[in-house]
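A short worksheet on the structure shown next.
The values are calculated or read from the model by the stated rules, or taken from the named source; none is laboratory data. The shown structure was predicted, so the numbers you read here are calculated from the model rather than taken from an experiment. All Cβ positions, glycine included, derive from the backbone under ideal geometry; neighbour counts span all protein chains shown. For accessibility, only protein heavy atoms count, side chains too; no ligands or nucleic acids. Shrake-Rupley method; radii C 1.70, N 1.55, O 1.52, S 1.80 Å.
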Amino acid sequence: MLGVFVAGTAFGAVVINELLANSAAGAPDWIELHNTTDQPIALAGWFLSDDPDTLTKYEIATGTLLAPGDYVVFYEDTHFGNTNDPGCHSPFGLSRDGETVYLHSGTDGLLTGYSNQERFGASPADVSLGRYRKSTGTYNFVALAQQTPGQANAEPLAGPVVISEI
């Protein structure tokens, strides 16, 4: 069995992979994290936030283990915006006009060094935004063709005009 990888977590090991910031019909906002490694990563005590001055708004629960290559989704109504969740230190929701989401490792209520952040712009209703790997090997955070919480991201949303050749 593989050990649980925590200390010295490498940059890019856990990423903010997809989110929904402009939900319609009363659906909650959500944030999806993805383990990009072949080792399980314990997320207990890690934090999510939308405020660079208050990085500890939501503390991920004890026992949260992200399996290799797996995804975990946190919802506004049951997690980061729910004052009844013990990890919700300061409830927040995501802005449909865009903002930055922050992920930080932590233990015993303190930040421990690992961080990932994703800045996103305004989003249309019910369109999720997510990481998309470009041919250069780098990633952009773009509108996706469909929501895929808890699984690999869909292709980017293509507009009515697509330039296919220059």
- Query: If you place +1 on the Cβ of every Lys and Arg and -1 on the Cβ of every Asp and Glu, how big does the dipole about the Cα centre of the chain come out, in debye to the nearest 20?
  - Reply: 360
- Query: Given the stretch 1-121, what percent of its DSSP beta bridges are antiparallel, to the nearest 5?
  - Reply: 95
- Could you give the semi-axes, largest first, of the ellipsoid that matches the stretch 52-163, computed as the square roots of 5 times the alpha carbon gyration tensor eigenvalues and rounded to whole Å? 28, 17, 14
- What is the Rg over Rh value, at two decimals, for the stretch 1-115, using alpha-carbon atoms and the Kirkwood definition of Rh? 0.95
- Message: Let me test this: with uniform point scatterers at the alpha carbons of the stretch 87-129, what is the Debye-based log₁₀ I(q)/I(0) at q = 0.16 1/Å?
- Response: -0.57
- Message: Leaving out ligands and nucleic acids, and using a 1.4 Å probe, what accessible area per residue does the stretch 54-151 come to in Å²?
- Response: 54
